[in-house]
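Since the structure comes first, as structure tokens, the remarks are kept for the end.
Derivation of every value follows stated rules applied to the coordinates shown; laboratory data play no part. Please read these numbers as outputs of a predicted model, since none were measured by experiment. Virtual Cβ from ideal backbone geometry, glycine too; neighbours counted across all protein chains shown.
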Amino acid sequence: MPPPAACLFDLDGLLLDTEPLHAQAWRQAAQAFGTQLQERQLLQLRGRRRHDCADQVLAWIRADGRHCSSREELLAVRQPIAERYLPLAAPMPGAETLVRRCQALAVPMALATSSSRSAVELKLAPHPWLALIGTRVHGDDPGLRAGKPAPDVFLLAAERLGVDPRCCWAFEDSPAGAQAAAAAGCRVFVLRSDATNSASFPAGAMLLDSLQQVQLDAG
Ligand SMILES: [Mg+2]
């Protein structure tokens, strides 16, 4: 396999173990309105932008016969919960080594995340090695039209690095994110977890049980 022109990394659940914390924050926010979210619903929220998740959770709360006036009301309840949890996220096994290996091999890197700029800063602060990824596309990026599962996040990340997305390796953990990367034409690597074991991923995606399995210079 030829080496990548660049590596495009998802953040949540891929480089940092934030997904259980995000899920917990959505669960508690919905609970504040009287709705109990199920595991399959929490899985659907993975990899998607905060506003897209909020619209979905709002719909579930209303379908449950509960009252929540707006996306903003829901996010106002969730925000302080998320801010408490997210700085606690640990790196995923092998993540720091992979990023440092890209750096050592001069493989360009970009963060292609659904997370907003402020949320990314909150999560990155305890992990100085993530500053090695200098190029970023955020979920609230002014240059971004549609969030994952649309391909735009990966297309914009490749464009900012000046590389062809079809020559990039994209690393994802969520069904929505993997779909976005495949639609952008990237070679897709999916980090599986217990939560996504039964999920379906795009045909041709390379499934990983750990980032430690990635070989950048195997030839
Ligand atoms: Mg993810």
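Under 9 Å from the Cβ of SER174, count the other residues' Cβ atoms, weight Lys and Arg +1, Asp and Glu -1, and hand me the total. Mind dumping the intermediate values first?
Values: positive: ARG46, ARG48, LYS148; negative: ASP10, ASP12, GLU19, GLU172, ASP173.
It works out to a net charge of -2.
Which translational diffusion coefficient, to the nearest whole µm²/s, is obtained for segment 19-87 from the Stokes-Einstein equation, given a Kirkwood hydrodynamic radius over C-alpha pairs, 4 °C and 1.567 mPa s? The partial results should precede the final answer.
Values: Rh = 11.7 Å.
The diffusion coefficient I find is 110 µm²/s.
Separation of segment 178-211 and segment 1-64 by C-alpha centroid, Å?
16 Å
Provide the per-residue ³J(HN,Hα) series for segment 56-62, in order, calculated from phi with Karplus coefficients 6.51, -1.76, 1.60 and θ = phi - 60°, each as a whole number of Hz, with x at glycine and proline positions.
5, 5, 4, 4, 5, 4, 5
Give me the net charge for the shell around GLN56: Cβ to Cβ below 12 angstrom, other residues only, Lys and Arg +1, Asp and Glu -1.
+4
Return the FRET efficiency for the residue pair ALA59, ALA125: r is the Cβ-Cβ distance, R0 is 35 Å, and the value is rounded to the nearest 0.05.
0.60
List the residues, sorted by chain then number, that are 5 or more residues from GLY94 or on another chain and whose placed amide H is less than 5 Å from its amide H.
Counting only residues 5 or more places away or on other chains, the set is empty.
From the phi angles alone, apply the Karplus equation (6.51, -1.76, 1.60; θ = phi - 60°) to segment 193-205 and give each ³J(HN,Hα) in whole Hz, x where the residue is Gly or Pro.
After applying 6.51 cos²θ - 1.76 cosθ + 1.60, I find 9, 4, 5, 10, 4, 9, 6, 9, 10, x, 4, x, 5 Hz.
Within a Cβ distance under 14 Å of ALA110, other residues only, what is the Lys/Arg minus Asp/Glu net charge?
On the way: positive: ARG136, ARG160; negative: ASP10, ASP141, ASP152, GLU159, ASP164, GLU172.
Spelling it out: positives minus negatives among the neighbours equals -4.
For the chain, calculate the relative contact order in percent as a whole number, restricting contacts to Cα pairs under 8 Å that are 6 or more residues apart. Please report the intermediate quantities before stating the final value.
Numbers: 395 pairs, mean separation 58.4, N = 219.
This gives 27 percent for the chain.
Taking 25 °C and 0.890 mPa s as the conditions, I'd like the Stokes-Einstein D for segment 62-217 in µm²/s, using the Kirkwood hydrodynamic radius from alpha carbon pairs. Walk me through the intermediate numbers first.
On the way: Rh = 17.0 Å.
Stokes-Einstein gives a translational diffusion coefficient of 145 µm²/s.
Can you give me the long-range amide H partners of LEU207? Hydrogens built in the peptide plane at 1.01 Å from N, cutoff under 5 Å, separation of 5 or more residues or another chain.
VAL190
Determine ³J(HN,Hα), in whole Hz, for all residues of segment 152-163 in sequence, where each value follows from phi through the Karplus function 6.51 cos²θ - 1.76 cosθ + 1.60 and θ = phi - 60°; x replaces Gly and Pro.
3, 4, 6, 4, 5, 4, 5, 4, 5, 8, x, 10
Could you work out [θ]222 nm for the chain from helices alone, using -39500 (n - 2.57) per DSSP H run of at least four and dividing by all its residues? Round to the nearest 500 deg cm²/dmol. Can you show the working numbers first?
On the way: 8 runs with 86 residues, N = 219.
Calculated from helices alone, the mean residue ellipticity at 222 nm is -12000 deg cm²/dmol.
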